Amino acid sequence: MTAKKSDAATDTYQGFSDDERAAMKAHAKEQKATARRSKDTARADGEADIQAKLAEMTGSDRALGEKLHEIISTTAPHLIPRTWYGMPAYAKDGKVVCFFKCAAKFKARYATLGFSDAASLDDGAIWSTEFAVTELTPEGEAQITALIKKAAG
């Protein structure tokens, strides 16, 4: 009996988008750069990387990114700025705690502030790890400040 050919051969593979591939390439480049950095220059190098990424952003993404950078840097100065998949991020003991993902990067409707599993946000059996950010009101800034304090430990 002969095996029947699958229709899978005729289906087209969608794979990763160009933006996703670019993010993975950026991450590989970041990993190499991080490995070469000394502890003495990590903060300054990371700050320069974030400023360069913010400068590439436009409109509300840039304004949100700059304000979030200010809030995070002020609230948790012990976090080390760096980039992660081409986006601004902040790390503790070498692990990313939080990151900003601008809307334009993945053609999304809104920017997000996300937290990794290294963040201390655990709250019961279910909790949020990424938040949509469309504007920063005083109430929003207070909420983000509280999240950063908790996440950064």
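All of the numbers you see were taken from the coordinates with simple rules; none came from a lab. All figures in this text were calculated on a predicted structure; none of them were measured in a lab. So basically every Cβ, Gly included, is an ideal-geometry build from the backbone, and we count neighbours across all protein chains shown.
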ask   = What distance in nm separates the simple spin-label points at Thr58 and Leu121, each placed 7 Å from Cα in the Cβ direction?
value = 2.9 nm
message = Bin width 10 Å, origin at 0, all Cα-Cα pairs of the range 31-97: what percent of pairs per bin?
response = 21, 56, 21, 1
Nonlocal Lys pairs with alpha-carbon distance under 17 Å, the range 26-129 (8 or more apart, or different chains) = 10
inquiry  = Through the Karplus equation 6.51 cos²θ - 1.76 cosθ + 1.60, θ set to phi - 60°, convert the phi angles of the range 74-79 into ³J(HN,Hα) values in whole Hz; use x for Gly and Pro.
reply    = 6, 6, 9, x, 7, 6
remark   = When the charge dipole of the chain is computed with +1 on Lys and Arg Cβ and -1 on Asp and Glu Cβ about the Cα centre, the Cα farthest towards its positive end, among Ala108, Ile126, Ala52, belongs to Ala52
key: Per residue Cα convex hull volume in Å³ - calculated over the range 84-153   = 96 Å³
note = Rg from C-alpha atoms of the range 14-138, normalised by the globular rule of thumb 2.2 N^0.38 Å, equals 1.05
ask   = Can you give the charge dipole size of the chain about its Cα centre, rounded to the nearest 20 debye, using +1 on the beta carbon of Lys and Arg and -1 on the beta carbon of Asp and Glu?
value = 540 debye
remark   = Here the range 66-73 yields Karplus 3J(HN,Hα) values (6.51, -1.76, 1.60; θ = phi - 60°; whole Hz; Gly and Pro given as x) of 5, 5, 4, 4, 4, 4, 5, 5
request  = Arrange the peptides 133-142, 49-58, 87-96 so that the one whose residues have, on average, the most other Cβ atoms within 10 Å appears first.
outcome  = 87-96, 49-58, 133-142
note = When Lys105, Lys32 are arranged by how many other beta-carbons sit within 10 Å of their Cβ, fewest first, they go Lys32, Lys105
In Hz, Karplus ³J(HN,Hα) per residue of the range 88-102 (6.51, -1.76, 1.60; θ = phi - 60°; x = Gly, Pro) = x, 8, 9, 10, 10, 6, x, 10, 5, 9, 9, 8, 10, 10, 6
